[in-house]
1. Only four residue types carry charge here, +1 at the Cβ of Lys and Arg and -1 at the Cβ of Asp and Glu. Report the dipole size of the protein assembly as shown about the Cα centre in Debye, rounded to the nearest 20.
2. Please state the relative contact order of chain B as a whole percent: Cα pairs under 8 Å, 6+ residues apart?
3. Where does the longest stretch of chain B lie that holds no GluC sites (Glu not before Pro) found in a DSSP loop with 11 or fewer other Cβ atoms within 10 Å?
4. In Å², and per residue, what accessible area does the range B:39-115 have when probed at 1.4 Å with the other protein chains present?
5. As a test of the definition: with a 1.4 Å probe, what buried accessible area, both sides summed, do you compute for B against A, in Å² to the nearest 100?
6. Using a 1.4 angstrom probe on the protein heavy atoms only, line up A:Lys94, A:Lys58 by accessible area, largest first.
7. Run the dipole for chain A about the Cα centre, Lys and Arg Cβ at +1, Asp and Glu Cβ at -1, nothing else charged, and hand back the magnitude in debye, nearest 20.
8. With all protein chains present, how much of the accessible area of the range A:18-112 (probe radius 1.4 Å) comes from carbon and sulfur, to the nearest whole percent?
Amino acid sequence: AQSVTQLGSHVSVSEGALVLLRCNYSSSVPPYLFWYVQYPNQGLQLLLKYTSAATLVKGINGFEAEFKKSETSFHLTKPSAHMSDAAEYFCAVKTSYDKVIFGPGTSLSVIP
Amino acid sequence: DARVTQTPRHKVTEMGQEVTMRCQPILGHNTVFWYRQTMMQGLELLAYFRNRAPLDDSGMPKDRFSAEMPDATLATLKIQPSEPRDSAVYFCASGLGQGQEGGYTFGSGTRLTVV
């Protein structure tokens, strides 16, 4: 069965510093992987998606993620954190039946 | 921009009352999901539909929850009777299924409080 783990329920970075949010997946078939962001009191917004076309995926707001099959990872990065990046981030995997399974989420805080 | 519309945005109800949450998926999307979000459990998949047919509702307490799609423009999630432990934010999401690699679009959610 497909599943997703996110290391670190809470990450704090200084404004301007590198953002790294970790995601590892378990899948018996080539996965479709996603990162979503949730701002307070809002729904989830798609940041980026991996669909096997390219291992380095660029998304909105300067985020990108790299698919590493050997490590079963899909970590999210951003070179320089902005205050507006403070939010909850969810990694997700789509199963062969189109069911989307979410990880537990990582709360990102950005310190001025 | 196309969006998924959920109503109501907020609902406060007394224990034992029936609650109905509605979702209007994006026109043309054939897959609809219902998720529940709580601090303790995170995002839980309750049920999902493709072309209005239920594909999986194993995440839903069957004795009190029911999910339907009366037509392609409306999905409903009902709780009867409601209990305080049902307090959560309920999200609807829609997208294109059947192997399409796109992500799904979420609504803004219904915040349910059962007192």
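1. The calculation lands at about 140 debye.
2. Relative contact order of chain B: 37 percent.
3. Details: sites that count: B:Glu14, B:Glu18.
Counting at most 11 other Cβ atoms within 10 Å as exposed, the longest clean stretch of chain B is B:19-115.
4. Result: 47 Å² of accessible area for each residue.
5. Numbers: alone 6610 and 6150 Å², together 11130 Å².
That pair of chains buries around 1600 Å² in total.
6. Working: A:Lys94 5, A:Lys58 150 Å².
The most accessible residue leads, giving A:Lys58, A:Lys94.
7. Details: 8 positive and 7 negative charges, 57 e Å.
The dipole of chain A has a size of about 280 debye.
8. 55
The values are calculated or read from the model by the stated rules, or taken from the named source; none is laboratory data. Just so it is clear, the structure is predicted and the values come from calculations on it, not from any experiment. Backbone-built Cβ (ideal geometry, glycine too); neighbour counts: all protein chains shown. Only protein heavy atoms, including side chains, enter the accessible area calculation; ligands, DNA and RNA are left aside. Shrake-Rupley method; radii C 1.70, N 1.55, O 1.52, S 1.80 Å.
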